[in-house]
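Right, one structure below, let's go through it.
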Amino acid sequence: ADVSGKLVLYTSQPNKDAQATVDAFSAANPGVEVEWVRDGTTKIMAKLRAEFEAGAPKPDLLLIADMVTMEGLKAEGRLMAHEGADVSAYDPAIMDDDKTYFSTKLITTGIVYNTNAPIKPTSYKDLLEADAKGKIAMPSPLTSGAATIHMAALTSNPDLGWAYYEGLADQGANPKGGNGGTYKAVAGGEKLYGFVVDFLPIRNKLEGAPVEFVFPEEGVSAVTEPVAILSTAQNPDAAKAFVDFLISEEGQKLASSQGYLPAHPAVAGPEGFPARQDIKLMDFDPAAALESDAANKMKFTEIFGG
Amino acid sequence: MTMRLSSVRKTFGSHAALDDVSLEIDTGDFFVVLGPSGCGKSTLLRAIAGLEPIDSGDIHLAGTQVAGKGLHQPPEARNVGVVFQSYALWPHMSVRQNVAFPLETAKRAGTYVTARTNNCLETVELTPFADRKPADLSGGQRQRVALARCLAQGAKTVLMDEPLANLDPHLRSAMEAELAEFHKKSGSTTLFITHDQREAMALADKVALMWDGKVLQADTPEGLYDRPVNERVAGFIGRSTILSGEILAVRGERALVSLAGHAVEIPCPQDTEIGMARIIVRPEHVRTTGEDRDLETVVDRVTYRGGFWEANVRLDGQEQAVLVNIPHKAAAGDSLAISIDGGWVLPA
Amino acid sequence: MTMRLSSVRKTFGSHAALDDVSLEIDTGDFFVVLGPSGCGKSTLLRAIAGLEPIDSGDIHLAGTQVAGKGLHQPPEARNVGVVFQSYALWPHMSVRQNVAFPLETAKRAGTYVTARTNNCLETVELTPFADRKPADLSGGQRQRVALARCLAQGAKTVLMDEPLANLDPHLRSAMEAELAEFHKKSGSTTLFITHDQREAMALADKVALMWDGKVLQADTPEGLYDRPVNERVAGFIGRSTILSGEILAVRGERALVSLAGHAVEIPCPQDTEIGMARIIVRPEHVRTTGEDRDLETVVDRVTYRGGFWEANVRLDGQEQAVLVNIPHKAAAGDSLAISIDGGWVLPA
Amino acid sequence: MTAIFRTERLTLVFLVLTITAICGLPLLLLFKIGLTAEGSLNIAPLLEALQSRSVLRALWHSLESSALSALFATILGTALALVIGLTNVRAKGLLVFLILLPMMIPPHVTAIAWIQALGPASPVLRWLSIAPELGSDHPLYSREGLVLLLTLQHSPLVFLLVRAALRSFPRELSDAARVSGSGATRMLVKITLPLLSPALMAGFALAFVAALGNFGINALIGIPARYTTLPVLVWRRLASFGPDVLPNVAIISVILALVALVAIVIQTVLQKRMRSALVGLPQAPLDIALGKHRLPVEALLWLFVASVLLLPAASLLATSLVKTYGLDLSLETLTLSNFAEVLWRQSVTLRAFANSTGIATLAALVIAGLSILLGYFLVSRKAGQRLMAGIAGSQAEIAFAVPGLVMSIAFILAFIRPLPIVNISLYGTLWIILIAYVSCFVAVGLKPVVAAFLQMDMSLEDAARVSGAGFGRRIRKIFAPLVAPAAASGGILVFLTAYNEVTVSALLWSTGNETIGTTIFNYEDGGYTTLAAAMSVVVVLATIVIMVAMNALTKKVPAGTIPWRS
Ligand SMILES: Nc1ncnc2c1ncn2[C@@H]1O[C@H](COP(=O)(O)OP(=O)(O)OP(=O)(O)O)[C@@H](O)[C@H]1O
Ligand SMILES: Nc1ncnc2c1ncn2[C@@H]1O[C@H](COP(=O)(O)OP(=O)(O)OP(=O)(O)O)[C@@H](O)[C@H]1O
Ligand SMILES: [Mg+2]
Ligand SMILES: [Mg+2]
């Protein structure tokens, strides 16, 4: 197929990473001119929603944080299937059976703690100990996609369930905006423990930040930064090439070099991460999560208040 | 440039500031409006300038209707010059800029603007202050800037609201002379509001006396002074005493009047009838020297007026004290013989 | 309540608005300041009120020094009442509130405040306007509010900056009478700025004439009018003509002066010497009737002044035209015989 | 009718149309999504929302926090303006400058800095040994904390407004009060403040509406304080990503718009009652000698400036100088690499500077111009003109009250397609951000100008009219210079607001068209806190340079135009 022309990408990757990804793709496909917009998932989606509403969506491709959102778009018929994509090497749990979206990396949520903290948690349940009372930070599922998935994963875990979230509430845990805020609260010593995405503490620890990231024994939840082609894509051929590039081994190595855990099992993770096979992912079904999403958030609101 | 107002009304709330005012001012006239505070003089001026829409009636300027039913030409289209009672100087402009503004607005050539501005500033003796801001001037200086600005505009219709009120008498006479000169040269029709009757008398071709929103009399200065139409006008213009007397006989424009038992000949309107009448007597009609002083009076009160004393003297059978100018001080209670050799019989 | 200023100076930039002013005003005096526009009258008032810090000199009010080297008592501590030339009414308050403000500030009882406010409003004839805002008043009405506010304050020292400038003559005389009354009753020391000499003459115990930041003469009204210290004062106060004549002989306070070849007796200062002198002659010193009219003149210009005409007549050998009041109109070029029976020999 | 008359009417029509096109139309398109179902009006969702507990609570929180913070901001801003404007404290220019400076820091950055500065990890508090226990609840995470930060953020708005109004205050009105025996306090209470009331009202309204639509502080303090306000609720609705996002957001925006509308009506009524033209010439301002109180007052002022400015600025600076967030600043951890990164390695930084400086300046100029015209009509003596202008003004006000993020959604709806007739697409260009700024911030620039117009002696216009000056010339020669200080204050407010805003351009920026706010936010959001801090520091420094550079204009513009120059 002819891979050239303009390709529009909406992504929630951090700037630097997005730039690197686009640069690498352009190097491989010099005929394509990639125009990309980066922003938080919420804003990217708001923008996209407005564009849908106005009947003129601009992007060909979407590269955003989580599968639940993709599942929702798929259900609305906004996504285009890419039958030719080669997903054989991947865990089927993180790829869509209908080949409309494809996970590109694993961004797991586990526990972070300040190195000055009295306990070194190894299990989610350690956060329910008396010593941790009033010292827990967590991103709010009401504003963060990763936190939503974390909540879905934890509450559907038979050992933890909603009782665990209630326990957190009793501990005085205070859900703040997003991962960045949670990380800062812990790194700054304002709180001592928290749930956060892996790469923030792992990367910053290498720079000397007083934090430690823990993959708890129950496992971690993960957002997988899926990529998808919109059904309204103007340049589907180039879009497919972009998807192929991301899930190729070369693309996965790029993710690793940017400091993320690649989704491809055969590609080694970056410095500071444990080996891929040592990381236990909790069970997660995006379709089910989508269905129970509203109910979950309602329940969460009831437990934690506004 | 005839200015014509017919039945103009303007009310503020329930108060009629202009109540059925009709006036006709001839081209080139210097028309002065007199009247007590709050009688509607400024409102009249604002209505003519177009600053205050009128409720009913018509206004014509130079043969064109500028206000009337459903018509209200905006002020900037009427080309009238105005000196405001509150000066309305623009605080952000220097004196020079204030004065030059109307000229620049009219897109006159730069050199002309400069020359004329300088000229007008000279006229009002403000050349040394040309580059000050209005806030740094004295009250009278501000007023002169307002005057200069109006002069500079050179409009054919000029409206002035007490433009000399804050000036000392000398500057005032100088300005009066300048205004008269300017008026004559420019041939402009001028409506001039003042409460200074001396000024009105000296400058006016015609004077109108306003009272409570109405025009009581519009006439030449002499007409207004010598032949007022009613007691109110008589009382307002100049110093005067109103006496009651009996008309004994009328001969053309003079009547024989009996005052305190003595017969005096006094000018009167043509249709005066025999019987009781009100007579106005001014200090200059009262003599205190000469042979025929046959009215005996008693001095009531004396005020120094610079060079002479003004005495209120009581005349038998009259309510009001008669005003007399006397060259030497007198004490209350002194008796004084006077004669009356003029006055005016008020129309019934 | 004596008010004393010694060598007060105040400059704006390089211009001395008050130039070494010394004044002494006795307790209870009604002191009037006259002077041309821009001579520093308002500045004087503001300096006394404490609104304008002075550069040098001292000011004492009621025996206490309020301004001097390193001392500047703020206006609110001086307890002086002021009527501002521009009224300075507070636009957000009704007329009544404006007037009541100084009383409320002084924490007077509510009933007293109401009563006195009503009283002052009555005095200035503004009772029907009590609940209006200043913006809805005519110019003269605003001025009266300012006056009422000052009256209400009841300060022992009262400063008024042309408080009657915008009133018609009748309201003006009424206000003058009220002011005189008020002044007498309250025993306050009043400094009154005006450019109306008639007003100054009628009201003042003492009058000061200012010129270009300086006080030229401070005297009784009669003193200022009859015995000016120099030509400038003579020229400013009243209408007058300055003639040159030769003093032939001096007898006490009268001098025999030769004018146009005729000898006339004229009052003079005590130390007058024989020789050439400047003589001031006012219209009331000039007779146009009687037998001894021995000076022949030619009429130059005639102006109607309400009831009489003012003529400028030329006298042989004199630069200035002599001012004469004549009872009948005359035309330019007419000849007129006059006699001079008064005047004043200016000090050399 | 004459041609002169037509210019005036044309201008009004043009103004109303322009403001409707950029404020009203986008909002209308958005509201339509929430209020229509299958093409017909359906207010059921609105009524439902108005009964929903979470919406009602957020609405109450929004009203409460906005009203309280506006009240305090008005008090604080006015007090500062009066002390600096009317007394003989020294170094006024510098003080004004420093009081305005906090506005230069994006609100969310300020919020973060304050959280840091008052939290358990605060270096300052730790050094004073009064830091809260590690891990304990943060004192700012409360309604009071939220109100405090909103107050500090918005008091410079009021300050500038009141200061501009003070400049046109005739000296004699104060003089009259003082000779009437009233001391400084009574004069302030009875004369000065009532006469300044249009400006105070405007300041309050501005602070209120700004707080209503503020996102950064509401989110950073409100969320952890569990004190949800409407903008946060909007954000939550957006974060659900589903297809009902827009209708939900639209409905909350309608509610915000209604609140703003009520506020406008109240304000208009009040301002009409308070209107009092100041007849008289503005003269050199009062210079009340404070005497022995001068030093304490000055000390208080400087203490205030130091705590409001230094605290966040210092913590910002400290953060920008360490390698990674959370490290204590010491000789070992000190690095300039963050500055090197943002200034040299990230091309986006300089681009964002150029973009923001350019469009914020343009927006400020355009708004200053629009405000002078619109302000003229808003206080016109003709009821018809006032009504028309009022319609435009209300739209502007609503556009400001609706959170920026929502406005940018509305802008996408309105401008994604090429403009009719000219067939140019603005979407994805810098121009759409400029238009969005103008739309959202007209209300900011308009407020001081309207206050100035309300105080103006209308005989000044009369004099110009009888001098033959038509509408255009009156505006240019009389009104523009007379309200210039107010318009400039407005323009500067707009510039400062636009220079650092994050939410309006949030959805409208694109590669090559970044703004400073979005860039900082993206750094922050991506976890590069230190880079965000470094960039903020650069922004503050750059703004200082701009402000100092503006000093050079002092002689060329009407007096009082540059607020920190007297
Ligand atoms: N703020 C100022 N700055 C500069 N010069 C000033 C200022 N105020 C007044 N002057 C000047 O000082 C002089 C005296 O002013 P002042 O107001 O005392 O005059 P005045 O005698 O009251 O005059 P008028 O009768 O016109 O009111 C004037 O020449 C005026 O221009
Ligand atoms: N805007 C207004 N609202 C209500 N009443 C007004 C307004 N303007 C003027 N008036 C009233 O109308 C009447 C006439 O006012 P105007 O200003 O014409 O008086 P004036 O003759 O000029 O008086 P003055 O000699 O005192 O200036 C006054 O009684 C005044 O109170
Ligand atoms: Mg008037
Ligand atoms: Mg004066």
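The values are calculated or read from the model by the stated rules, or taken from the named source; none is laboratory data. Remember, it's a predicted structure, so these values are computed and weren't measured experimentally. Heads up, the Cβs are rebuilt from the backbone with ideal geometry, glycines too, and the neighbour counts pull from every protein chain shown.
So that you can scan it fast, the table gives a plain yes or no per residue for (1) away from chain C (no Cβ under 11 Å); (2) closer than 18 Å to C:P36 by Cβ:
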site	(1), (2)
B:G139	no, yes
B:V145	yes, yes
B:A148	yes, yes
B:N166	no, yes
B:R172	no, yes
B:E181	yes, no
B:G187	yes, no
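Against the definition (surrounded by 18 or more Cβ atoms within 10 Å (Cβ to Cβ), more than 18 Å from C:A152 (Cα to Cα) and at pLDDT below 90), how does C:G50 come out, yes or no?
So C:G50 fits the description; yes.
Select from the range D:168-186 the residues that are more than 8 Å from chain C (Cβ to nearest Cβ) and under 30 Å from the mean Cα position of the chain (by Cα) and list them in ascending order.
Result: D:S168, D:F169, D:R171, D:T185.
When B:G68 is evaluated against the numbered criteria (1) surrounded by fewer than 18 Cβ atoms within 10 Å (Cβ to Cβ); (2) at the interface with chain D (Cβ under 8 Å from one of its Cβ atoms), which criterion, by number, is the only one it fails?
B:G68 satisfies every listed condition except (2).
Answer yes or no: is there a residue in the range B:120-129 that is crowded, with 22+ Cβ neighbours inside 10 Å, under 20 Å from B:A88 (Cα atoms) and within 16 Å of ligand 2 (Cβ to nearest atom).
No, because not a single residue in the range B:120-129 is crowded, with 22+ Cβ neighbours inside 10 Å, under 20 Å from B:A88 (Cα atoms) and within 16 Å of ligand 2 (Cβ to nearest atom).
Would you pick out the residues in the range C:87-137 that are more than 10 Å from every other protein chain (Cβ to nearest Cβ) and small (G, A, S)?
C:S94, C:A100, C:A109, C:G110, C:A115, C:A130
Kindly check whether there is at least one residue in the range C:145-166 that is more than 16 Å from ligand 4 (Cβ to nearest atom) and free of Cβ contacts under 8 Å to residues at least 40 places away in the same chain.
No: the range C:145-166 contains no residue that is more than 16 Å from ligand 4 (Cβ to nearest atom) and free of Cβ contacts under 8 Å to residues at least 40 places away in the same chain.
In the range B:9-42, which residue that is among the polar types (S, T, N, Q) and over 25 Å from B:A202 (Cβ atoms) is surrounded by the fewest Cβ atoms within 10 Å (Cβ to Cβ)?
Result: B:S14.
Of all the helices (runs of 4 or more DSSP H) wholly in the range D:1-67, which have at least 1 residues that are over 31 Å from the mean Cα position of the chain (by Cα) and within 20 Å of D:V402 (Cα to Cα)?
D:44-51
Taking the options B:P91, B:P75, B:P36, name whichever one is within 16 Å of ligand 1 (Cβ to nearest atom) and not hydroxyl-bearing (S, T, Y).
Exactly one residue qualifies, and that residue is B:P91.
State whether one or more residues within the range B:212-224 are touching an Asp or Glu at 6+ places or on another chain (Cβ under 8 Å), within 12 Å of another protein chain (Cβ to nearest Cβ), within 16 Å of ligand 4 (Cβ to nearest atom) and without any contact (Cβ under 8 Å) to a residue 24 or more places away in the chain.
no
Given (1) more than 14 Å from chain C (Cβ to nearest Cβ); (2) surrounded by 15 or more Cβ atoms within 10 Å (Cβ to Cβ); (3) free of Cβ contacts under 8 Å to residues at least 60 places away in the same chain; (4) not hydrophobic (A, V, I, L, M, F, W, C), where does B:H285 come up short, assuming only one miss?
Single failed check for B:H285: (1).
Could you run through the range D:455-496 and say how many residues are at positive phi and more than 7 Å from every other protein chain (Cβ to nearest Cβ)?
Adding up the residues that qualify gives 0.
Please go through the range D:86-108 and pick out each residue that is under 22 Å from D:A210 (Cβ atoms) and either more than 16 Å from the chain's Cα centre (by Cα) or outside the structural domain of D:L152 (by TED's automatic domain parsing) (or both).
D:V96, D:F97, D:L98
Go through (1) surrounded by fewer than 23 Cβ atoms within 10 Å (Cβ to Cβ); (2) of a type in the set (A, V, I, L, M); (3) away from ligand 3 (no atom under 16 Å from the Cβ) for C:L171 and report which single condition fails.
Every listed condition holds for C:L171 apart from (3).
Looking only at the range D:215-263, how many residues end up being in a loop (DSSP other than H, G, I, E, B), without any contact (Cβ under 8 Å) to a residue 40 or more places away in the chain and under 23 Å from the mean Cα position of the chain (by Cα)?
Final tally of qualifying residues: 1.
Out of A:G181, A:G194, report the one residue that is surrounded by 20 or more Cβ atoms within 10 Å (Cβ to Cβ), in contact with a helix residue (DSSP H, G or I) (Cβ under 7 Å, 6 or more places away or on another chain) and outside any loop (DSSP other than H, G, I, E, B).
None of the other options fit; the residue is A:G194.
Looking at this structure, is D:A452 crowded, with 22+ Cβ neighbours inside 10 Å, within 14 Å of chain B (Cβ to nearest Cβ) and without any contact (Cβ under 8 Å) to a residue 24 or more places away in the chain?
Answer is no for this residue.
Among D:A480, D:A486, D:A498, which is touching a residue at least 24 places away in the same chain (Cβ under 8 Å) and more than 21 Å from B:P91 (Cβ to Cβ)?
D:A498
Would you call D:N551 more than 21 Å from the chain's Cα centre (by Cα) and more than 10 Å from every other protein chain (Cβ to nearest Cβ)?
The answer is yes for D:N551.
For the range A:199-306, list the helices (runs of 4 or more DSSP H) that sit wholly inside it and hold at least 1 residues that are touching a residue at least 60 places away in the same chain (Cβ under 8 Å) and among the small types (G, A, S); which are they?
In the range A:199-306, the matching helices (runs of 4 or more DSSP H) lie at A:236-247, A:249-257, A:286-304.
Tell me yes or no: at least one residue of the range C:71-89 is within 16 Å of ligand 3 (Cβ to nearest atom) and either in a helix (DSSP H, G or I) or modelled with pLDDT of 85 or more (or both).
Yes, the range C:71-89 has at least one match.
Return yes or no: is A:E51 within 13 Å of another protein chain (Cβ to nearest Cβ), in a helix (DSSP H, G or I) and at pLDDT 85 or above?
Criteria met by A:E51.
So B:S37 clears everything in (1) of a type outside the set (A, V, I, L, M, F, W, C); (2) within 13 Å of ligand 3 (Cβ to nearest atom); (3) more than 14 Å from every other protein chain (Cβ to nearest Cβ) except one condition, right? Which one?
Exception for B:S37: condition (3).
Considering each residue of the range C:150-164, count those that are facing another protein chain (nearest Cβ under 8 Å) and within 19 Å of B:F84 (Cα to Cα), and give that number.
Total satisfying the criteria: 1.
Select, from C:T64, C:T43, C:T27, the only residue that is under 25 Å from C:E199 (Cβ atoms), among the polar types (S, T, N, Q) and more than 15 Å from ligand 4 (Cβ to nearest atom).
Result: C:T27 is the single residue among C:T64, C:T43, C:T27 that is under 25 Å from C:E199 (Cβ atoms), among the polar types (S, T, N, Q) and more than 15 Å from ligand 4 (Cβ to nearest atom).
Looking only at residues that are in contact with a helix residue (DSSP H, G or I) (Cβ under 6 Å, 6 or more places away or on another chain) and closer than 16 Å to D:A410 by Cβ in the range D:231-240, which one is farthest from the other protein chains (Cβ to nearest Cβ)?
D:P231
Need at least 1 residues that are under 22 Å from the mean Cα position of the chain (by Cα), under 20 Å from C:Y87 (Cα atoms) and in the same structural domain as C:A202 (by TED's automatic domain parsing) per element, so show me which strands (runs of 3 or more DSSP E) inside the range C:1-65 make the cut, counting only ones lying wholly within it.
Per the criteria, C:30-34.
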